[in-house]
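Notes follow the structure.
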Amino acid sequence: MAMTTSEMRPGAEVLLRALKEQGVEVIFGYPGGAVLPIYDAIFQQNAIRHVLVRHEQAAVHAAEGYARSTGKVGVVLVTSGPGATNAVTGLVDALMDSIPIVCLTGQVPTHLIGNDAFQEADTTGITRPATKHNYLVRKSEDLARVVHEAFYVARSGRPGPVVIDLPKDIVINPAPYAAPATAPHRSYRPVLDPAPDAIAKAVDLLKGAKRPIIYTGGGVINAGPAAAAMLTRLVRETGFPCTSTLMGLGACPASDPHFLGMLGMHGTVEANLAMHGCDVMLAVGARFDDRVTGRLAAFSPQAKKIHIDIDPSSINKNVAVEVAIVGDAGRALSALLDAWARNTKPQDRPALAAWWREIEAWRGRDCLRYTQATAPGAIIKPQHAIRRLYEITRDLGRETFITTEVGQHQMWAAQHFRFERPNHWMTSGGLGTMGYGLPAAMGVQIAHPEALVIDIAGEASILMNIQEMSTLSQYRLPVKVFILNNQYMGMVRQWQELLHGGRYAESYTAALPDFVRLAESFHAVGLRARTIEELDPVIHEMLATDRAVIADIAVDQAENCFPMIPSGAAHNEMILGPEHESEAAGITDEGLVLV
Amino acid sequence: MANDTGFRSATISVLVDNESGVLARVIGLFSGRGYNIDSLTVAPVEDGRGRSRINVVTSGTEMVIEQIKAQLDRLVPVHRVADLSKEGPHLAREMALIKILCAGERRAEALRLADAFRARVVDATTESFVFEMTGNPDKLDAFLDLMRPLGLAEVSRTGVAAIARGTRVI
Ligand SMILES: Cc1cc2nc3c(=O)[nH]c(=O)nc-3n(C[C@H](O)[C@H](O)[C@H](O)COP(=O)(O)OP(=O)(O)OC[C@H]3O[C@@H](n4cnc5c(N)ncnc54)[C@H](O)[C@@H]3O)c2cc1C
Ligand SMILES: Cc1ncc(C[n+]2csc(CCOP(=O)(O)OP(=O)(O)O)c2C)c(N)n1
Ligand SMILES: [Mg+2]
């Protein structure tokens, strides 16, 4: 039981004390009537910093960026009604991508709940399917306990967003303080330690593998940098090839020769064909998403599958597996490493070598190849812009964090920017939220003031939360927005080209703003590269500027993102770029209904 | 989900904290993820500890039923999820109040059948009966089928309460 002190303080003070005890340093928020007492309490203290965003959705994305780059819980504060409803997209985004968030929402006073009071919304009702869990605090004596519990729920097990709805009388009225409970939670106790027999079975399968693959995901990032290090050790000790989902990039260093790049819809040929042809698959913290599996009936048909996941509902959801290991990725990987060392069964080295020869042949096709014309005046290829951004920042040697918006630029970033460490890549994977990248970058920069933080953006996505340029300027956050400007919703245009007969319905953005002047109007620096000879100088200038920058990079409007597994196709039915011969089966009628 | 085609019915009991919103979480999970609810009951049990028991009868392939259980289990206020139809023999009971509007010959026939099914008369007028009947849902269904031609007018059913046979507890 938590200890309660007899001293009573206004609810808002109790709330802040609980936040402080949870280690909160910063809140991303936006005020309004229902939360004014909380703002008043924030005003009167210095321990917790408040960052004023320009839209509540951005507050949640900023908290996500903060959380993903630090491993801590991100905290959001918004008012009742529209404040809470504006936050919903961010909450679902965090739910889909397993990001720990605590979102405090104002609510009308308890006696008015249900009366259609001014700025009343049924926030717990609306956010029930948008959160891992939510609370409505109805009694002052519950306040501190609920706050502590919310943090526990947000960060433990499979992390996710938690809403605490706070009626105005609760934050005004005196409330007792309670320290965090020391006893285990009464009902929510995620399993962290893997079952030894499952580990033993897994090692048996892995030792006997002739064509193994390790398929890793965001769960390894959730499990922390130590888990990523353990994964890298496992990859090197086994000599197995390793691929990653969009969410897991950075866990296994991209420069490691065992790493095959990203798999899935826009994954590499070597990763997808290795997944397709493997005989033993070790999935770690990855959830067999449809972007990854392609057509389920044709997914890895010969593989015996081992799945490590902290959430039992992720296992056997889409794909049936032979060995289920429920537990934290870090603990499971370390148990696997121990058991691997103890198991005396020899590996099938010759088979592994033959498997690698096959993989190297696939890798040799260099599926991400593109041709950049170099004569002055040549159009910039979007892939090349990212390659150069990667190479120049790598040579600079500064700690670099990349966020993205959603679309082709996001996929090109995943393909061409190489991540050596976990927690340095933030992208909206599960929900695919355009407008995620700029606020997320803001949150990352708040957490890492000295680091280089770049949002790789599309010109359409960036307009979805462009108002946050104002936040950047207020807090002097030197975030770099690197726009691959193709004047199209490129990802939509690509699908229209490939699936809808080239009828480009509403995917061209007429009347785009002048991004250079737009940057300037927000007190930031605007730069533009129109042709290839302007690219490097603009990147250098952007990186040398210690203020917020928008770099508007005009890129080839017709470029498509390849490889691509069309919806409804299998891993061995990829469409490749114009520089390659495709083995694509084309798009089926069943594929057309998929997204 | 190849090799996962067999459909089965599952009776699942869920012990939850008796707090506001918990039923909405369970129902929202079923509707949001497109699972079937064939029957659902909820009532407080274990008064001292503030817990309720939800009994839900659902159907799906084995993989879907396992998924339903895993999804239920990850709701924060859920203490325990038990698949009674899988874990061993269990009892399932449901109560129904059944109104028959009939006169003459049919009244005697209705009473005879009620007697055979151990349904009790809890209300009667010269044109109607209300029967109370408890039993396995199949037995209720069978009784209702027989009553239909005799003037079945209205039914109120509780949904299934279920418990394991023998010493097993959830
Ligand atoms: C335009 C677009 C295109 C996309 N194309 C691709 C693509 O080509 N390839 C691709 O991979 N993705 C792609 N995605 C992303 C895709 O939609 C999914 O978000 C992504 O594949 C899911 O990644 P994941 O499996 O690593 O799971 P995550 O969503 O990161 O889930 C993490 C999993 O790990 C588990 N977990 C959490 N914490 C732990 C822990 N501590 N220990 C163990 N397990 C844990 C969770 O329970 C969950 O099952 C695309 C997205 C967009 C928007
Ligand atoms: C909020 C939201 N609305 C719509 C979509 C659907 N969508 C996915 S990508 C995309 C186009 C993105 O265009 P842009 O930002 O210019 O990126 P590009 O693909 O051109 O690189 C759209 C509309 C989405 N993902 N998110
Ligand atoms: Mg675009």
Filter region A:376-401 down to residues that are of a type outside the set (S, T, N, Q) and part of a helix (DSSP H, G or I), then give me how many there are. 13
Residue that is most open to solvent (accessible area, probe 1.4 Å) [pool: residues in region A:105-141 that are more than 15 Å from A:Val163 (Cβ to Cβ) and part of a helix (DSSP H, G or I)]: A:His111
Quick one: which strands (runs of 3 or more DSSP E) lie wholly within region B:59-167 and hold at least 2 residues that are more than 25 Å from B:Glu46 (Cβ to Cβ)? B:90-101, B:120-124, B:128-135, B:152-157
Restricting attention to region B:1-13, report how many residues are within 11 Å of chain A (Cβ to nearest Cβ) and touching a helix residue (DSSP H, G or I) at 6+ places or on another chain (Cβ under 7 Å). 3
Restricting to region A:430-469, give me the number of residues that are within 16 Å of ligand 3 (Cβ to nearest atom), more than 22 Å from A:Met96 (Cβ to Cβ) and not in a helix (DSSP H, G or I). 1
Filtering region B:80-96 down to residues that are aliphatic (A, V, I, L, M) and farther than 23 Å from B:Val22 by Cβ, which residue is least open to solvent (accessible area, probe 1.4 Å)? B:Ala96
Would you confirm whether or not region A:381-403 contains a residue that is surrounded by 19 or more Cβ atoms within 10 Å (Cβ to Cβ), under 21 Å from A:Asp256 (Cα atoms) and within 13 Å of the chain's Cα centre (by Cα)? yes
Checking the condition away from ligand 1 (no atom under 16 Å from the Cβ) and under 22 Å from A:Thr393 (Cβ atoms), which residue from A:Ala505, A:Ala511, A:Ala558, A:Ala548 passes? A:Ala548
Does A:Thr70 satisfy being modelled with pLDDT of 95 or more, among the polar types (S, T, N, Q), within 17 Å of the chain's Cα centre (by Cα) and within 16 Å of ligand 2 (Cβ to nearest atom)? no
With respect to A:Asn316, determine if the residue is within 14 Å of chain B (Cβ to nearest Cβ) and either open to solvent by 10 Å² or more (accessible area, probe 1.4 Å) or part of a helix (DSSP H, G or I) (or both). yes
Could you list, in sequence order, the residues of region A:428-446 that are away from ligand 2 (no atom under 13 Å from the Cβ) and either closer than 23 Å to A:Asp536 by Cα or surrounded by fewer than 21 Cβ atoms within 10 Å (Cβ to Cβ) (or both)? A:Ala441
Which of the residues spanning region A:53-99 are out of contact with any Phe, Trp or Tyr (no Cβ under 7 Å at 6 or more places or on another chain) and among the acidic types (Asp, Glu)? A:Glu64, A:Asp97
Let me confirm something: among B:Ser20, B:Ser31, which residue is assigned to a loop (DSSP other than H, G, I, E, B), within 12 Å of chain A (Cβ to nearest Cβ) and closer than 27 Å to A:Thr131 by Cβ? B:Ser20
Write out, first by first residue and then by second, each pair whose Cβ atoms fall under 8 Å of each other, whose residues are 6+ apart or on separate chains, and whose first residue, in region A:201-221, is away from every other protein chain (no Cβ under 14 Å) while the second is among the acidic types (Asp, Glu) and within 16 Å of ligand 3 (Cβ to nearest atom). none
Given the conditions (1) touching a Phe, Trp or Tyr at 6+ places or on another chain (Cβ under 9 Å); (2) open to solvent by less than 60 Å² (accessible area, probe 1.4 Å); (3) closer than 24 Å to B:Val169 by Cβ; (4) within 11 Å of another protein chain (Cβ to nearest Cβ), report the number of the one that B:Gln67 does not fulfil. (3)
Taking only region B:158-170 into account, find how many residues are open to solvent by 60 Å² or more (accessible area, probe 1.4 Å) and within 8 Å of the chain's Cα centre (by Cα). 1
Can you tell me which condition A:Ala297 does not meet? The list is (1) surrounded by fewer than 21 Cβ atoms within 10 Å (Cβ to Cβ); (2) within 14 Å of chain B (Cβ to nearest Cβ); (3) assigned to a loop (DSSP other than H, G, I, E, B), and all the others hold. (3)
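Residue-by-condition table, conditions (1) more than 21 Å from A:Val516 (Cβ to Cβ); (2) open to solvent by less than 20 Å² (accessible area, probe 1.4 Å); (3) away from ligand 1 (no atom under 12 Å from the Cβ):
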position: A:Val406; (1), (2), (3): yes, no, no
position: A:His416; (1), (2), (3): yes, yes, yes
position: A:Phe419; (1), (2), (3): yes, yes, yes
position: A:Met426; (1), (2), (3): yes, yes, no
position: A:Pro449; (1), (2), (3): yes, no, yes
position: A:Glu459; (1), (2), (3): no, yes, yes
position: A:Thr471; (1), (2), (3): no, yes, yes
position: A:Lys480; (1), (2), (3): no, yes, yes
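The values are calculated or read from the model by the stated rules, or taken from the named source; none is laboratory data. Computed from a predicted model, the values in this text were never measured in an experiment. Cβ sites come from the backbone with ideal geometry, for glycine too, and all protein chains shown count toward neighbours. Ligands, DNA and RNA are stripped out before the accessible areas are found, and what is left, the full protein with its side chains, is counted by its heavy atoms. Shrake-Rupley method; radii C 1.70, N 1.55, O 1.52, S 1.80 Å.
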